[in-house]
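The values are calculated or read from the model by the stated rules, or taken from the named source; none is laboratory data. All values reported here derive from a predicted model rather than from experimental measurement. With ideal geometry, Cβ positions are generated from the backbone for all residues, glycine too; neighbour counts draw on all protein chains shown.
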Amino acid sequence: MPESAARDLVDRILAFGRGQGLCSAGPVSMKGLIAETSSLLHASLPSGIELVICEVPDAAVISGQPGQLQQVILNLCSNAAQAMDQIGIRRNRDGGARHHGSAIAYPW
């Protein structure tokens, strides 16, 4: 993630914490949001955790604020990594599961 995007994320989080980030929701591409967030996750998750992200369809669009949605994804992944206690399961797109060291898999 470019430095300016990371700085923008921090500014949005701080503004939201001060009650200044209350703008209206709009359409957000999940593909772009997940791509941006994954670089932050790769840097912040413990080294024993593998992040597995399935292909995100181009048509996956939701309504929200990108900064808030990104924070939700970061929190969910952080909580999942803490709950795994170094044991994980990788889920394949076909629904099958196999042990794969430590992994967080999201079927987006």
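Evaluation of Val52 against the conditions (1) exposed (fewer than 13 other Cβ atoms within 10 Å of the Cβ); (2) at pLDDT 60 or above; (3) assigned to a strand (DSSP E or B) shows that the sole unmet condition is (1).
What about Leu76, is it modelled with pLDDT of 65 or more, surrounded by 14 or more Cβ atoms within 10 Å (Cβ to Cβ) and not basic (Lys, Arg)?
Details: modelled with pLDDT of 65 or more: yes; surrounded by 14 or more Cβ atoms within 10 Å (Cβ to Cβ): no; not basic (Lys, Arg): yes.
No; evaluated as a whole, the condition is false for this residue.
On the given criteria, is Ser38 under 12 Å from the mean Cα position of the chain (by Cα) and either modelled with pLDDT of 90 or more or in a helix (DSSP H, G or I) (or both)? First the steps, then the outcome.
Numbers: under 12 Å from the mean Cα position of the chain (by Cα): yes; either modelled with pLDDT of 90 or more or in a helix (DSSP H, G or I) (or both): yes.
So Ser38 fits the description; yes.
Being in contact with a Ser or Thr (Cβ under 7 Å, 6 or more places away or on another chain), assigned to a helix (DSSP H, G or I) and modelled with pLDDT of 80 or more, is that true of even one residue in the stretch 80-102? Within the stretch 80-102 (the criterion being in contact with a Ser or Thr (Cβ under 7 Å, 6 or more places away or on another chain), assigned to a helix (DSSP H, G or I) and modelled with pLDDT of 80 or more), the answer is no, since none of the residues qualifies.
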